Amino acid sequence: MNARIFIIEDDPDICEILEYNLKQEDFDTETFQDGQKALDTILKDPPDLILLDLMLPGKNGLEIARIIRKDEHTSNVPIIMITARSEEMDVLQGLEQGADDYIIKPFRPKEVIARVKALLRRHLRDEDKIYQHGELIVNFSKHQVTSNEEDFDLTPKEFLLLKALIQANGRVLSRDKLLDQVWGFDYYGDPRTVDVHIRRLRQKLDKWADFVETVKGFGYRIKPE
């Protein structure tokens, strides 16, 4: 069965371009121009990936992403945010609400296809993967971190940081590398934002705070077992 992709975009011309190019790659597509209608369908029957415009009638992209990430049935659906605005805060808000990637209009259809395929591959690799370190359990597919049945309430960015460090298998990741992996390669903000998120992550992990180690002058890594 081909991957089902929802295109949520209020510009009919962009919808048509995206739908045509995705179908050329044998993806099954469904388009929505109203945010609320799209959200209602997603919650009932989640797709394999969502292309989500930021500005929509009914309910905007940020609200939709937030609700999707909070619902246990849709929390792991990959989201690529599409925005006509290149302001840093718009992009950051989208990523903070749980978008996995973003594309700024005008875009090249081939770029969208490449990102869709890459994100679907990454998502399939993560399906049902569980990492355990002592009593600490990280479920990648459910975006869940627990210890002795205690659930740590991490933001999408905090979870993605933890995930990136775990998947590095003990290697040190620099701030720039973490920015590329978690915020996206087009991010041009202050690299110190990584330090802020790491600090918040440690605070939430409580007694597991030292699980994330600082390697002075180089970056961060997961504490070796």
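Taking only DSSP H segments of four or more residues, each worth -39500 (n - 2.57), what value at 222 nm results for the chain once the sum is divided by all its residues, to the nearest 500 deg cm²/dmol? Mind showing how you got there, number by number?
Values: 8 runs with 89 residues, N = 225.
-12000 deg cm²/dmol, from helical runs alone.
Enter the angle in degrees (range 0 to 90, nearest 10) between the Cα long axis of helix 12-24 and the first principal axis of the Cα atoms of the chain, meaning the one along which they spread out most.
The two axes meet at around 70 degrees.
With axes computed from alpha carbons, what is the tilt in degrees of helix 193-205 against the longest principal axis of the chain, rounded to the nearest 10 within 0 to 90?
70
Of the GluC sites (Glu not before Pro) in the range 1-103, which ones lie in a loop per DSSP and count no more than 14 other C-beta atoms within 10 Å?
Here the sparse-neighbourhood loop sites are E25, E72, E87.
Return one quarter of the surface area of the convex hull spanned by the alpha-carbon atoms of the range 20-83, equal to its mean projected area, in nm².
For the range 20-83, the mean projected area of the Cα convex hull comes to 4.2 nm².
Please work out the Kirkwood hydrodynamic radius for the range 1-120, using every pair of different C-alpha atoms, and report it in angstroms with one decimal place.
13.9
Return one number: the angle in degrees, 0 to 90 and rounded to the nearest 10, between the long axis of the Cα atoms of helix 61-70 and the longest principal axis of the Cα atoms of the chain.
Helix 61-70 sits roughly 50 degrees off the main axis of the chain.
Please list D206, D10 from largest to smallest accessible area, probe radius 1.4 Å, with all protein chains kept in place.
Details: D206 105, D10 65 Å².
These residues rank, largest area first, as D206, D10.
How far is it, in nm, from the label point at V172 to the one at K223 when both lie 7 Å from their Cα along the line to the Cβ?
Rounded to a tenth, the inter-label distance reads 1.9 nm.
Only sites in a loop by DSSP and with at most 15 other Cβ atoms within 10 Å count here; which GluC sites (Glu not before Pro) in the range 98-161 make the cut?
E127, E135, E149
So if a site counts as exposed when it's one of the trypsin sites (Lys or Arg not before Pro), its DSSP state isn't H, G, I, E or B, and it has at most 16 other Cβ atoms within 10 Å, what's the longest stretch of the chain without one?
The reported range is 1-84.
Order W183, W208, most accessible first, counting only protein heavy atoms with a 1.4 angstrom probe.
W208, W183
Quick one: work out the % antiparallel among DSSP beta bridges in the chain, nearest 5. Don't jump to the answer; show the numbers that get you there.
Details: 16 of 33 bridges.
Once the DSSP bridges in the chain are tallied, antiparallel ones form about 50 percent.
The values are calculated or read from the model by the stated rules, or taken from the named source; none is laboratory data. Keep in mind the model is a prediction, meaning the values are calculated, not measured. Reconstructed Cβ throughout: ideal geometry from the backbone, glycine too, with neighbour counts over all protein chains shown. For accessibility, only protein heavy atoms count, side chains too; no ligands or nucleic acids. Shrake-Rupley method; radii C 1.70, N 1.55, O 1.52, S 1.80 Å.
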